[in-house]
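The values are calculated or read from the model by the stated rules, or taken from the named source; none is laboratory data. Everything quoted here is computed from the prediction, not taken from an experiment. Reconstructed Cβ throughout: ideal geometry from the backbone, glycine too, with neighbour counts over all protein chains shown. The accessibility values were calculated without ligands, DNA or RNA, using every heavy atom of the protein model including side chains. Shrake-Rupley method; radii C 1.70, N 1.55, O 1.52, S 1.80 Å.
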Amino acid sequence: MAHPIALQRLAALQSADFSDYREERLSKEVSGKTVREELILLSAVLTTAREEWSIPVENWARRVRKPSPGKHRERRLVSDEEAKLMAACRKSK
């Protein structure tokens with residue numbers, strides 16, 4: 001099911017729509033990094049619509065405060081993960 005923001009006309013979107021979107025997504029236990037990336041993607045879509053397709057739209061997503069990107073995470077392969085990963089790579093050829 002589409003999010004309510006997706007059902008609005010581009011010309012009708014306001015910054016409050018994007019801040020509401022941000023707060024709703026964060027309340028659903030989605031990480032701040034994910035919400036930040038979603039807002040950046042929406043901003044890129046609106047910029048493309050305005051600059052490349054000549055659609056007269058304001059990029060309110062760009063002006064909304066973004067969640068912090070969070071802590072950097074570093075993960076290493078453990079146990080037999082490398083062998084499983086290499087076997088999956090060989091099968092995908």
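Out of the residues in region 1-30 meeting the condition of being more than 21 Å from residue 47 (Cα to Cα) and modelled with pLDDT of 90 or more, tell me which one is surrounded by the fewest Cβ atoms within 10 Å (Cβ to Cβ).
My answer is 27.
Is there any pair with a first residue in region 1-14 that is within 15 Å of residue 56 (Cα to Cα) and a second that is modelled with pLDDT of 90 or more and open to solvent by less than 70 Å² (accessible area, probe 1.4 Å) whose Cβ atoms are under 6 Å apart and which are 6 or more apart or on different chains, and what are they?
Listed pairs, sorted by first residue: 10/57; 13/60; 14/60.
In region 36-55, what residues are closer than 20 Å to residue 16 by Cβ, within 13 Å of the chain's Cα centre (by Cα) and either in a loop (DSSP other than H, G, I, E, B) or of a type in the set (Gly, Ala, Ser) (or both)?
Listed by number, the list holds a single entry, 43.
Pick out the one residue from 58, 74 that is out of contact with any helix residue (DSSP H, G or I) (no Cβ under 9 Å at 6 or more places or on another chain), under 26 Å from residue 33 (Cβ atoms) and either assigned to a loop (DSSP other than H, G, I, E, B) or open to solvent by 100 Å² or more (accessible area, probe 1.4 Å) (or both).
74
Say whether the condition of being over 13 Å from the mean Cα position of the chain (by Cα) and of a type in the set (Val, Ile, Thr) is met by at least one residue in region 24-32.
no
What's the total number of residues in region 77-93 that are among the basic types (Lys, Arg) and either in contact (Cβ under 8 Å) with a residue 12 or more places away in the chain or surrounded by 10 or more Cβ atoms within 10 Å (Cβ to Cβ) (or both)?
1
Could you tell me which numbered condition residue 67 fails, if it satisfies all but one of (1) open to solvent by less than 70 Å² (accessible area, probe 1.4 Å); (2) free of Cβ contacts under 8 Å to residues at least 24 places away in the same chain?
Looking at each condition in turn, residue 67 falls short on (2).
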